[in-house]
């Protein structure tokens, strides 16, 4: 059986760590590392909501995503200089926002917006899943900051954990947490977002060459469930620390 | 048990039709209707490929998606006038392109590009799934046009059918082919893209409020399989006509 | 005497038809066909006016124009993807708006805006004149929709018909309603917009190579008057239907 | 009979002057004044043509138009800062280019482009007609510059004069060369572009409120012919000087 | 010792002139000439301030800068057509605004904005320093216009003169007021902005190849002080005239 | 005498550190910290130069600058989402590029481009001076990477160190290395860029309220010289490490 390039077992994730309070200004922040993928996540509180939500008594969570130009093997053009965000960037930032909103009680947040920024300092595959997983920590810490100022109760606003992992069919076997080498060569690639209690928030599966079967997909989902449970465990340790 | 707004059964699709050769200029074209959702799909052949594919002996399929400003209940701002395509538009056109490429043998196409345009004339939910399903017809007819000129063999380039359907949890029951009313109110919304032989090409499932369970997701997939099989049958009739 | 490519007589227009209520959402809509030129015109009512008209008790009619990328013989770049509307597009949509406002009593409309969208599904010359002629039907039907809700009286707001036709010098003879082949080869090209009672609203005459004479221009105007009278007759039948 | 605000007679133009060689860098340049309307026209020679003309042995004349922000009574937003040219700007620069090309033998120019820039330093109505009239001088002087370097023969390239004037119905009478006050209040506004030998190059007539009649239009054309003849006379004096 | 291309002495400025009231519409305007560098400066009064200053009882001075496309030896692309202002343009307009604000008592101006536009009609080096020097005249005349309407007292709002000059090391000697030939070849280039009473407002020194020494910089500053004193003298004559 | 907010002495810099090889992909990289100002600098080698340098046998150094949205006390809008880089961003990235080019022998580099990216992870004043100082380390390490591959000799390409520091008049005293609190309140603010051998590369001095005197400026320059000498010492230690 062909080895994974990193020598990991099929169900073995990369080393994951969360460095809280990375940024002195943000209400919540976290540098999340999935192996060599490093994403800085910040949560910024603003005392206003988008125009279409105004006077509805409900808050909002939004997200933006970016990559430093040399986060990758070859330098990419800076999106600010290109004058627009790529389709991929927009897809990812919409996904991050939806994923976090799925575990937040927006009316309990009150008429405020929390803006999540996920900026990839170094990329090695799985930047979107690392972003979601780290953003949850930044969001949690932002809510703690608010609780310390009697603005909200964290437990009423944040209903559950949320974390994400990628899985894929690489060299004919299902593997979890793809790094860049695997991601580039995978036949099928799927991202899963799940809550701490095992609820599904988002599933995105894509055939990169030939279609995949239901059985393959079921196997990917099994790997994802275990991986996300592990990530949620690490999140719990991180916020306990 | 609560009825669907349209009175349809949970596993009942809307009336689907394909009007081929809608456009006199395009090499392939099709006006696809899923109930009140009407999308004009055209396939345009170009004798060149994007720069990054040049001299590789491989072709390419790309797609663009648009909505007429008053395709919807309220007039939306024209994207050409806004000066950019929304994140949603980009997400959809990337999905259409990927879905079609999954059933095309790109080297057999030769160094040419086929551009698919899906323009929504009228929207009532499910525009992306109707687009993919209709685009397959336009692509097929474009390839037939090429075959008639001895450029390719259709059966070597087009490996299978591809079609797509949306499913969702509406009023606590799994239903197929959501219209706009259902889509707006659904708790979970999933789009499936599958081939004629039942292979999975793309799965996108999203919780719109509370997370969904594996069982619910399995039920959505069952509905999708039946629906897509039906769509493939209708595609076969259409190209036989 | 050289024949027109279509075999039409010099003063013979193409077959013109109006398909009302093409769109289920718009307050007024019409698919207008001048031969193979097909334009979908919708009229959308909005209960607000542009900032510079606010609190003036006057309404506004505005127009936007677009072409589907494969409306033409060769696929054109999508303006939403290019990030801006061409000079030609802007010229045409300004013309459509001016032409309709010439027959509307804006104070009688009240402080509301009607947005006209003219989207060319298939082009074969004369898209701007077809747009104006079809837009009048969409506008009329939008006003009827408003009258049915006691918002206005159609006869007080809509003072007259308006229609448009192109004429040109093709192969040394003046001809009416140029199709694409004629348009590409015409030495002089003129568009006329006139009201039902024969008033001139807009004249645009352009030499495409050598200058034209006053006599030639007078002949073009004669053809235009007859053509527009015919179009107004067809509009009358359409709204009577 | 109501007077014109300036006290001019109905067929009386403003004082027109041409200041050649206004710019030391341009191959041809001219500051044209129609009363208080002042436009700086430059002609810049480039030894290349647009991509679509390459290797066709034909030259090209193109034009750009701009207004300084405070050329007008109220400061307008700078288009470079707004990030795009308005529809009006694009309409005018297309008109200037077409008008000049009508009197140029493009093959005789050779595979070169002359770019005309018309920048309005001060506006008081009629900026597009002043631009065309002054641009002809700049173009002429650029061609003279080329002739002095044995690149072309002016008389073979420049087939005729071209000049332009606006006319309109103001206070129920037809008047020539509208200034800003007249332009704002005119019921009908028409721009005429004609050659030195009286050929028509472009006619643009627009009703600003109520439609106009054929008789009114004929009267405007009579005024325009006389006015343009006068302008051509002044051009001749200017280049003789 | 190598001569300057123009034959000027090292401390000799070009001929400088101010043509006031160049524009009939602007509240203040001035065509400033530093040799062949000609800049039209206008000052436009607006009875509102930017959003971030609202209700603060303070006014604002802002500036925009532009170059006509053929102000230079080779035609440059029009920024309005390119769709954005270059970094150089933005740098210069920020500098002009800061320089003028340094001599204005913004609370004494009241809650109003004066917009300065500096448009280069012809360039021969030193456009930014000519712009600042001429803009002061336009600003002064705008304030006089306001004083004549009892809106402000000029002497309370305008605290001092401000003028600017470039100096540089050309052919190993320090020279003042570089023209284009010198500017292109200078090893070091420095712009100085100073007040009438000799206060420093802005210093920008740049090595264009090899670094410069403190002694060289001190020499440039000496030349600048004398040059600016001369410019302030000319400003005084101009506003006295 | 009023204390600096940080308690530092007037000539005391913040703690400065360089973390080399922060990024695994870039040929050279460095996380530079000036107190709480943290900038990630990367140097990316590309085997091509801008079009205007092609076939000239000369290399190029260019720079881009960005700030993460929550690098600052209040979240700023992401420039990629705004669709353009601010004037400030462009000013800074031009400065970084010029400063580095002043110490590089471009012909010795060969026909290659090194792109420097300076991304501010956390801001507390002085981001542009920290960027230049850290970018020199990234550039140095990129050149070392090239030397290890026998592409160049570092000592022939990199002629000297370059570093930068800000100084200002805060509370009536000249201080070095302003943090955000000082920067916001400073009356005069000056940035100095100097080489290791004490040559001046760039001076930018700006009065933020009242003009400054020559004596004050001389004092700022004295502080800058000492500060930059210290920075160069730290650079030497860093690359020795």
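The values are calculated or read from the model by the stated rules, or taken from the named source; none is laboratory data. A quick note: this is a predicted structure, and the numbers were derived from the prediction, not measured. Every residue, glycine among them, receives a Cβ derived from its backbone with ideal geometry; neighbour counts consider all protein chains shown.
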Do any strands (runs of 3 or more DSSP E) entirely within the stretch E:130-219 hold 2 or more residues that are within 14 Å of another protein chain (Cβ to nearest Cβ), and if so, which?
E:162-170, E:188-195, E:200-207
Whichever residue in the stretch F:20-32 is buried (at least 20 other Cβ atoms within 10 Å of the Cβ) and in contact with a helix residue (DSSP H, G or I) (Cβ under 8 Å, 6 or more places away or on another chain) and, among such residues, is nearest to the other protein chains (Cβ to nearest Cβ):
F:26
If residue F:143 passes every condition in (1) surrounded by fewer than 23 Cβ atoms within 10 Å (Cβ to Cβ); (2) in contact with a helix residue (DSSP H, G or I) (Cβ under 8 Å, 6 or more places away or on another chain) but one, which one does it miss?
(1)
Candidate set from the stretch D:83-94 (those that are facing chain C (nearest Cβ under 9 Å) and part of a helix (DSSP H, G or I)); member that is surrounded by the most Cβ atoms within 10 Å (Cβ to Cβ)
D:93
When residue A:165 is evaluated against the numbered criteria (1) crowded, with 23+ Cβ neighbours inside 10 Å; (2) out of contact with any helix residue (DSSP H, G or I) (no Cβ under 8 Å at 6 or more places or on another chain), which criterion, by number, is the only one it fails?
(2)
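From C:174, C:148, C:135, C:163, grab the single residue that is at pLDDT 95 or above and out of contact with any strand residue (DSSP E or B) (no Cβ under 9 Å at 6 or more places or on another chain).
C:148
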For residue C:236, state whether it is in contact with a helix residue (DSSP H, G or I) (Cβ under 9 Å, 6 or more places away or on another chain) and in a helix (DSSP H, G or I).
no
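How many of the residues in the stretch A:50-59 are surrounded by 15 or more Cβ atoms within 10 Å (Cβ to Cβ) and either within 14 Å of another protein chain (Cβ to nearest Cβ) or without any contact (Cβ under 8 Å) to a residue 24 or more places away in the chain (or both)?
The total comes to 1.
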Restricting attention to the stretch D:112-126, does a residue exist that is over 15 Å from the mean Cα position of the chain (by Cα), part of a helix (DSSP H, G or I) and at pLDDT 95 or above?
no
Which listed residue, of B:63, B:80, B:71, B:108, is away from chain A (no Cβ under 11 Å) and free of Cβ contacts under 8 Å to residues at least 40 places away in the same chain
B:80
Within the stretch C:185-202, does at least one residue satisfy the condition of being surrounded by 17 or more Cβ atoms within 10 Å (Cβ to Cβ), in contact with a helix residue (DSSP H, G or I) (Cβ under 8 Å, 6 or more places away or on another chain) and more than 20 Å from residue D:206 (Cα to Cα)?
no
I'd like the full set of residues that are in contact with a helix residue (DSSP H, G or I) (Cβ under 6 Å, 6 or more places away or on another chain) and either within 14 Å of chain B (Cβ to nearest Cβ) or surrounded by 24 or more Cβ atoms within 10 Å (Cβ to Cβ) (or both), limited to the stretch A:115-124.
A:116, A:118, A:124
Does any residue of the stretch F:37-49 turn out to be under 26 Å from residue F:165 (Cα atoms), more than 14 Å from chain E (Cβ to nearest Cβ), surrounded by fewer than 21 Cβ atoms within 10 Å (Cβ to Cβ) and touching a strand residue (DSSP E or B) at 6+ places or on another chain (Cβ under 8 Å)?
no
Take residue F:68 and tell me if it is in contact with a strand residue (DSSP E or B) (Cβ under 6 Å, 6 or more places away or on another chain) and either crowded, with 16+ Cβ neighbours inside 10 Å or at pLDDT 95 or above (or both).
yes
Taking the condition of being closer than 29 Å to residue E:140 by Cβ and over 22 Å from the mean Cα position of the chain (by Cα), how many residues in the stretch E:46-78 meet it?
12
Qualifying positions in the stretch D:95-105 - part of a helix (DSSP H, G or I) and either under 18 Å from residue D:154 (Cβ atoms) or more than 10 Å from chain C (Cβ to nearest Cβ) (or both)
D:96, D:97, D:100, D:101
Condition check for residue C:106: within 21 Å of the chain's Cα centre (by Cα), modelled with pLDDT of 95 or more and within 18 Å of residue C:34 (Cβ to Cβ):
no
For residue B:227, are the conditions met, namely being more than 14 Å from chain A (Cβ to nearest Cβ), closer than 19 Å to residue B:63 by Cα and within 15 Å of the chain's Cα centre (by Cα)?
no
